[in-house]
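Everything below concerns the one structure shown next.
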Amino acid sequence: MKKLISVLLSVVMVAALITGCGAGGSASGAKKVGVSMPTKDLQRWNQDGANMEKELKAAGYEVDLQFAANDVQQQLSQVENMISNGCSVLVIAAIEGSSLGEALDMAKKANIPVIAYDRLIMDSDAVSYYATFDNYKVGTVQGTYVKDTLDLDNAEGPFNIEFTAGDPGDNNAGFFFNGAYDVLKPYVESGKLNVVSGQKTFDEVATPSWATETAQSRAENILSSFYADGTNVDVWLCSNDSTALGVENALAANYNGSYPIITGQDCDIENTKNMIAGKQSMSVFKDTRTLASQVVKMVGQIIKGETVDVNDTSTYNNNVKVVPSFLCEPVFADANNYKQILIDSGYYTEDQLK
Ligand code: BGC
């Protein structure tokens, strides 16, 4: 009898290893899912983490949710702990796309599938899937907003523009910038849009860590070097809300001209308040509930051994392989439609935006 039990146990263990869920069980029998978020500093990652945790629990999984204070080493050791603590699937929003190699090697050895959440994990063959919003489209939505608002095809111009992009360590940042720049490039080339600072390559306009303070000090330098003589800046194309906030702070303290069109992304509360107050023109809305639901669905499909939903198998090459991806659709919010998009949908209450 004892022998039979031990044979059965070995069979179960081998089967578990083969399905890749070997380390995954918990005392309650529920599979555990590790969710690694980059930081608590930005509103969006708190929402992403909370949504993921809520939905995964509702689907019957245990959750190990960790935030890494934008510290690469911290994220690395948190992910390693998730692996040794028996997570069946890992969902990771990387601080820096290329710095998770060691942890991913461990995950691969333990047969643990990895979903890159929002940001692609680079230089590793251990990434199973990628779920995000269509990052290039986020940029084209911003660029198109500027083009339409200024009526660039008909207006005489020229208009003055500056660019502020995201973190060079985040694979998304280039997609956002290129999406926007590709829409505006013809007008920059024809001279209808004039980049007064001359800074228009991604490297020149990037903001390490997406930090508000860094975006603010760069904007202050640009304003004092190129606009102190009363020159107007008509557009400040910002890739997201944390950088837009920096530019808005810089304008408030260092600029007296007519207020520019400012773009953003995430519809953070502070920025949405600024939209309502006329200090930011738009923000691309990426409903974190949509992304979380999609990822929870993918986790379930992986665990059950079903086909995983993807809708893009060509765009996201992480330098080792093209990672099968699910891209959600972004939309834009501004002072005219924010009530419908952000309040009627239950994303915010009116009170949160006061
Ligand atoms: C996300 C943006 C976010 C930025 C800064 C990007 O990877 O896609 O939504 O604003 O990181 O956290």
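The values are calculated or read from the model by the stated rules, or taken from the named source; none is laboratory data. This one's a predicted model, so the numbers in the text were calculated from it and none came from an experiment. Virtual Cβ from ideal backbone geometry, glycine too; neighbours counted across all protein chains shown. Side chains are part of the model used for accessible areas, which takes the heavy atoms of the whole protein and leaves out ligands, DNA and RNA. Shrake-Rupley method; radii C 1.70, N 1.55, O 1.52, S 1.80 Å.
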Mean projected area in nm² (Cα convex hull; one quarter of hull surface) for the range 254-320 = 8.1 nm²
Short to long, in 10 Å steps from zero, the percent of alpha-carbon pairs of the range 202-354 per bin is 10, 30, 28, 21, 8, 2, 0
For SER225 and GLU213 in one chain, what is 0.36 nm times their gap in residues minus the Cα-Cα distance, to one decimal in nm?
-> 2.5 nm
Based on the Cα atoms of the range 38-176, what semi-axes does the equivalent ellipsoid have, where each is the square root of 5 times one gyration tensor eigenvalue, given in whole Å with the largest first?
-> 36, 16, 13
With all protein chains present, calculate the accessible area of GLU213 using a 1.4 Å probe and round the result to the nearest 10 Å².
-> 130 Å²
Which percent, nearest 5, of DSSP beta bridges in the chain are antiparallel?
-> 15 percent
Measure nothing but the geometry: give the 0 to 90° angle between the long axis through the Cα atoms of 43-58 and the longest principal axis through the Cα atoms of the chain, rounded to 10°.
-> 30 degrees
Spin-label point model (7 Å from Cα, Cβ direction): what's the ASN337 to SER190 distance in nm?
-> 2.5 nm
Size-normalised alpha-carbon gyration radius of the range 302-354, reference 2.2 N^0.38 Å | 1.79
Measure off 7 Å from each Cα along the Cα-to-Cβ vector at LYS354 and ILE269, then give the distance between these two points in nanometres to one decimal.
-> 1.3 nm
So what is the accessible area of the range 203-247 per residue, in Å², with the probe set to 1.4 Å?
-> 37 Å²
Evaluated over the range 84-164, the Cα radius of gyration and Dmax, each in Å | 19.8, 62
Kirkwood estimate for the chain, i.e. one over the average of 1/r between Cα atoms, Å | 21.5 Å
Please state the relative contact order of the range 180-332 as a whole percent: Cα pairs under 8 Å, 6+ residues apart?
-> 15 percent
In percent, how large is the relative contact order of the chain, given Cα pairs closer than 8 Å and 6 or more residues apart?
-> 16 percent
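With a Förster radius of 30 Å, plug the Cβ-Cβ distance of ASP312 and SER345 into 1/(1 + (r/R0)^6) and report the FRET value to the nearest 0.05.
On the way: r = 25 Å, r/R0 = 0.83.
Here the calculated transfer efficiency is 0.75.
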With N residues in the range 177-247, what two-decimal value do you get for its Cα radius of gyration over 2.2 N^0.38 Å?
-> 1.10
Please provide three numbers in whole Å: the alpha-carbon extents of the range 136-259 along the principal axes, with the largest listed first.
-> 37, 34, 20
Over the chain, with every protein chain in place, what whole percent of the accessible area is carbon and sulfur at 1.4 Å, could you tell me?
-> 50 percent
Given the Cα atoms of the range 196-283, and with Rh set as the inverse mean 1/r over their pairs in the Kirkwood sense, what is Rg to Rh to two decimals?
-> 0.93
